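Asks: Have a look at the structure that comes next, please.
The values are calculated or read from the model by the stated rules, or taken from the named source; none is laboratory data. Quantities reported herein were computed from a predicted structural model and do not represent experimental measurements. Cβ coordinates were reconstructed from backbone atoms using ideal geometry, including for glycine residues, and neighbour counts include every protein chain displayed.
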Amino acid sequence: MKGLSRVLIWEGLILLVFGVLAYVFVGTLTLFALVDGLLGVVSLAVGWALDFGGIRETVSRRSAKYGANALIYTVVFLGILVFINAFASAHAKKFDLTKAGVNTLTDQTLTVIKNLPEKTEIVGFFKTGESKPFEKLAERYGDASRGKIKVEVLDPDVSPGAVKKYAVHEPNSVAVSCQGRTNITMDVTEQGITTALLKISAPPQGAIYMLEGHGELGLESHEERGMAALKGGLENENIKIKPLLIRMAGGIPPDASLIIIAGPTQPLSAEEVTQLGQYLDKGGRLMVLLDPFVNAGLDDLLAKYGVKVENDVVVDMQLQLLAAPIPGYDPIVVNYGPHEITKKIGENPTIFHVARSLKVLTEGRLADVTVDPLLNTREQSWGETDFAAFNNNETPKMDPGKDLKGPLVLGVAVERKVGDKKARLVVIGNASFADNRWVGEYFNANLFLNSINWLTGTEQYISLRPHTFTPDVFQLTDKDRSLIFFASVFLAPQIVVMLGIGVALRRKR
């Protein structure tokens with residue numbers, strides 16, 4: 001009886017200690033903590049009852065005092081652990097150790113959150129047990145907003161009032177609300193929620209037009225020489241582009257905030273060029289993307305704004321696998337001029353398939369015009385003026401007497417003060433970087449979208465957009481997580497300690 005009494009008392013103490021620890025660490029009275037506590041009390045009571053006299057005699061011995069001291073030290077140590085845990089919980093810091101940063105919000109999302117004008121609500125409508133992925137993602141938005149974003153999860157069957165308030169028609173939807181405006185999205189991804197935030201918070205813009213009628217890149221085309229892929233990216237930015245045929249429209253539409261001329265293969269008429277010039281004189285915005293070998297009829301207009309389009313094709317040294325570099329027609333740019341458009345790109349590469357160079361003019365341009373080079377090639381590049389090698393698919397060679405020595409300028413940003421307005425242009429000696437074939441390469445899409453932001457006066461949204469990455473994830477339910485947590489943190493150590501005490505008491509006996 002005496003041996004059994006000691007075992008019950010010691011095991012009861014262990015059960016009580018682990019029950020208290022489970023309650024303190026978790027913060028609520030879980031089933032594990034309750035069962036441990038009850039078993040501990042029962043075990044102690046039975047142990048005392050079986051050998052009450054022997055226990056009194058043991059307590060009065062000197063060894064019992066040493067044991068009591070050891071117990072006190074143990075309790076103090078556990079108390080320190082509890083304090084450290086509580087302090088760490090109050091000052092939590094999260095780290096994303098994944099190579100692709102899949103647990104971190106992108107620069108674009110952080111920029112959008114930073115520019116939210118006021119309190120914003122993100123409300124997810126999910127049936128019970130189906131909201132975990134949304135909750136994890138929405139938690140990152142809440143943490144990044146520092147109180148600006150309120151996140152809520154509702155069951156549409158339990159909260160019909162909220163369903164009616166936000167006009168939600170489908171489960172697994174997310175309502176984003178700000179400034180009295182609400183957007184509903186069923187795309188429960190970072191890109192989907194960020195797009196919804198943009199739609200309700202971004203300042204209204206005038207219309208953006210894509211010029212047509214001269215062989216430009218097709219806005220709706222899914223062919224290689226089309227811009228359907230980029231159009232989807234623009235829609236994610238809450239940017240909508242309309243086609244523009246100047247002659248049919250009777251001129252430049254008065255609501256035009258930006259006109260894009262992307263890769264014309266035929267020259268614009270003198271009348272169209274005149275109208276574009278008048279549009280700029282009123283503070284208009286223009287993006288011009290010009291491929292080599294084409295006379296778009298814009299030379300005189302661009303010269304007024306300090307830009308000369310060279311009649312060349314850019315050659316740069318290109319690396320080969322297990323071979324020496326050779327001259328090629330796909331210059332990669334990593335050297336950017338200091339400007340709002342390129343500040344976030346840093347030294348990340350952009351690639352331009354078959355490009356022409358530009359020259360900044362200092363004479364003969366309009367007053368109050370500033371021209372900033374955006375894209376600079378490497379020193380070993382050159383502008384090839386003899387197109388025979390290109391046409392015959394031969395390796396080009398630089399002719400110092402004819403060709404343009406690098407580094408060359410591939411893109412510029414132009415600004416001119418017009419009264420209380422500012423006319424702005426972005427001119428790039430290449431259009432293919434934005435087409436369906438090349439826009440997904442490197443940071444091409446970011447260059448185009450950031451140019452749009454600058455041209456439309458929404459520089460605050462200049463950012464780096466997310467790369468698509470879907471990690472392999474094994475989803476656990478709440479029950480699974482709880483089971484793993486208690487089994488690894490409490491149950492396993494508790495069993496080891498209880499077995500150890502049982503073995504030690506048996507040997508002592």
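Asks: Testing S451 on (1) modelled with pLDDT under 90; (2) part of a helix (DSSP H, G or I); (3) not hydrophobic (A, V, I, L, M, F, W, C), one condition comes back false. Which one is that?
Replies: Evaluating S451 over (1) modelled with pLDDT under 90; (2) part of a helix (DSSP H, G or I); (3) not hydrophobic (A, V, I, L, M, F, W, C) leaves (1) as the failure.
Asks: Looking at segment 324-332, is at least one residue acidic (D, E), under 19 Å from A413 (Cβ atoms), under 37 Å from the mean Cα position of the chain (by Cα) and in the same structural domain as D368 (by TED's automatic domain parsing)? Please lay out each step first, then the result.
Replies: Within segment 324-332, the first condition is being acidic (D, E), and the residues that meet it are 330.
Then drop every residue that is not under 19 Å from A413 (Cβ atoms), which leaves none.
Looking for residues that are acidic (D, E), under 19 Å from A413 (Cβ atoms), under 37 Å from the mean Cα position of the chain (by Cα) and in the same structural domain as D368 (by TED's automatic domain parsing), one finds none in segment 324-332, hence no.
Asks: Sticking with this structure for a sec: For segment 333-342, what are the residues that are out of contact with any Asp or Glu (no Cβ under 6 Å at 6 or more places or on another chain) and either small (G, A, S) or part of a loop (DSSP other than H, G, I, E, B) (or both)?
Replies: Matches in segment 333-342: P338, I341, T342.
Asks: Sticking with this structure for a sec: Determine whether T194 is surrounded by fewer than 19 Cβ atoms within 10 Å (Cβ to Cβ), β-branched (V, I, T) and either at pLDDT 85 or above or touching a helix residue (DSSP H, G or I) at 6+ places or on another chain (Cβ under 7 Å) (or both). Write out each step before concluding.
Replies: Numbers: surrounded by fewer than 19 Cβ atoms within 10 Å (Cβ to Cβ): no; β-branched (V, I, T): yes; either at pLDDT 85 or above or touching a helix residue (DSSP H, G or I) at 6+ places or on another chain (Cβ under 7 Å) (or both): yes.
Taking the combined requirement at face value, the residue does not satisfy it.
Asks: Which number in (1) touching a Phe, Trp or Tyr at 6+ places or on another chain (Cβ under 6 Å); (2) under 25 Å from L105 (Cβ atoms) marks the one condition that P156 misses?
Replies: With respect to (1) touching a Phe, Trp or Tyr at 6+ places or on another chain (Cβ under 6 Å); (2) under 25 Å from L105 (Cβ atoms), P156 is out only on (2).
Asks: I would also like to ask the following. Answer yes if at least one residue in segment 274-285 is without any contact (Cβ under 8 Å) to a residue 24 or more places away in the chain, surrounded by fewer than 22 Cβ atoms within 10 Å (Cβ to Cβ) and either among the basic types (K, R) or closer than 24 Å to F448 by Cα (or both), and no otherwise. Quick ask: steps written out before the conclusion?
Replies: Filtering segment 274-285 for residues without any contact (Cβ under 8 Å) to a residue 24 or more places away in the chain gives 274.
Okay, now just the ones that are also surrounded by fewer than 22 Cβ atoms within 10 Å (Cβ to Cβ), so 274.
Subset that is either among the basic types (K, R) or closer than 24 Å to F448 by Cα (or both): none.
Checked against the condition, which is being without any contact (Cβ under 8 Å) to a residue 24 or more places away in the chain, surrounded by fewer than 22 Cβ atoms within 10 Å (Cβ to Cβ) and either among the basic types (K, R) or closer than 24 Å to F448 by Cα (or both), segment 274-285 yields no hits at all.
Asks: Quick one: count up the residues across segment 363-386 that are within 30 Å of H339 (Cα to Cα) and in a loop (DSSP other than H, G, I, E, B).
Replies: From segment 363-386, those within 30 Å of H339 (Cα to Cα) are 363-385; that's our starting set.
Going one step further and asking which of them are in a loop (DSSP other than H, G, I, E, B), we end up with 363-368, 377-381, 385.
Count: 12.
Asks: The conditions are (1) assigned to a strand (DSSP E or B); (2) small (G, A, S); (3) over 28 Å from the mean Cα position of the chain (by Cα), and S177 fails exactly one of them. Which is it?
Replies: S177 satisfies all of (1) assigned to a strand (DSSP E or B); (2) small (G, A, S); (3) over 28 Å from the mean Cα position of the chain (by Cα) except (3).
Asks: Just one of the numbered conditions (1) of a type outside the set (F, W, Y); (2) in contact (Cβ under 8 Å) with a residue 12 or more places away in the chain; (3) not in a loop (DSSP other than H, G, I, E, B) is not true of V188; which one?
Replies: (3)
Asks: Tally the residues that are exposed (fewer than 14 other Cβ atoms within 10 Å of the Cβ) and either out of contact with any Cys (no Cβ under 8 Å at 6 or more places or on another chain) or at pLDDT 90 or above (or both), restricting the search to segment 115-129.
Replies: Taking segment 115-129 first, the residues exposed (fewer than 14 other Cβ atoms within 10 Å of the Cβ) are 117-119, 127-129.
From what is left, the residues that are either out of contact with any Cys (no Cβ under 8 Å at 6 or more places or on another chain) or at pLDDT 90 or above (or both) are 127-129.
So the answer is 3.
Asks: If P400 satisfies all but one of (1) surrounded by 12 or more Cβ atoms within 10 Å (Cβ to Cβ); (2) part of a loop (DSSP other than H, G, I, E, B), what's the number of the condition it fails?
Replies: (1)
Asks: Turning to a different aspect of this structure: Consider only pairs whose beta carbons are under 8 Å apart and that are at least six residues apart or on different chains; among these, list those whose first residue lies in segment 124-147 and is in contact (Cβ under 8 Å) with a residue 12 or more places away in the chain and assigned to a loop (DSSP other than H, G, I, E, B) and whose second residue is surrounded by 16 or more Cβ atoms within 10 Å (Cβ to Cβ) and of a type in the set (G, A, S).
Replies: S131/G124
Asks: Testing A389 on (1) assigned to a helix (DSSP H, G or I); (2) over 22 Å from P325 (Cβ atoms); (3) of a type in the set (G, A, S), one condition comes back false. Which one is that?
Replies: Among (1) assigned to a helix (DSSP H, G or I); (2) over 22 Å from P325 (Cβ atoms); (3) of a type in the set (G, A, S), the lone unmet condition for A389 is (2).
Asks: Within segment 343-352, can one find any residue that is part of a loop (DSSP other than H, G, I, E, B), among the basic types (K, R), over 16 Å from Q380 (Cβ atoms) and touching a helix residue (DSSP H, G or I) at 6+ places or on another chain (Cβ under 7 Å)?
Replies: As a first pass, look at segment 343-352 and keep what is part of a loop (DSSP other than H, G, I, E, B): 343-349, 352.
When the remaining residues are screened for being among the basic types (K, R), the result is 343-344.
Then drop every residue that is not over 16 Å from Q380 (Cβ atoms), which leaves 343-344.
Retained after the next criterion (residues that are touching a helix residue (DSSP H, G or I) at 6+ places or on another chain (Cβ under 7 Å)): 344.
Yes, that holds for at least one residue.
Asks: Checking V59 against (1) modelled with pLDDT under 60; (2) touching a Leu at 6+ places or on another chain (Cβ under 9 Å), which test does it fail?
Replies: (2)
Results for (1) crowded, with 23+ Cβ neighbours inside 10 Å; (2) among the polar types (S, T, N, Q); (3) under 29 Å from the mean Cα position of the chain (by Cα), shown as yes or no for each residue.
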position: N393; (1), (2), (3): no, yes, no
position: P396; (1), (2), (3): no, no, no
position: K421; (1), (2), (3): no, no, no
position: A431; (1), (2), (3): yes, no, yes
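Asks: For A138, indicate whether it is assigned by TED's automatic domain parsing to the domain that holds E190, surrounded by 13 or more Cβ atoms within 10 Å (Cβ to Cβ) and under 29 Å from R465 (Cβ atoms). Before you say what the answer is, go through the steps one by one.
Replies: Details: assigned by TED's automatic domain parsing to the domain that holds E190: yes; surrounded by 13 or more Cβ atoms within 10 Å (Cβ to Cβ): yes; under 29 Å from R465 (Cβ atoms): yes.
Yes; evaluated as a whole, the condition is true for this residue.
Asks: If you don't mind, another one. Of the conditions (1) at pLDDT below 95; (2) under 30 Å from T106 (Cα atoms); (3) polar (S, T, N, Q), N376 clears all except one; give me its number.
Replies: (1)
Asks: Only residues in segment 422-442 that are touching a residue at least 24 places away in the same chain (Cβ under 8 Å) count as the first member; pair them with residues that are among the acidic types (D, E) and assigned to a helix (DSSP H, G or I), Cβ under 8 angstrom, at least 6 apart or cross-chain, and list the lot.
Replies: Short answer, once both residue conditions are applied: A423/D281.
Asks: Give segment 247-272 a look and list any residue that's surrounded by fewer than 17 Cβ atoms within 10 Å (Cβ to Cβ) and not small (G, A, S), or say none.
Replies: Within segment 247-272, R247, M248, P253, P254, D255, T265, Q266, P267, E271 meet the criteria.
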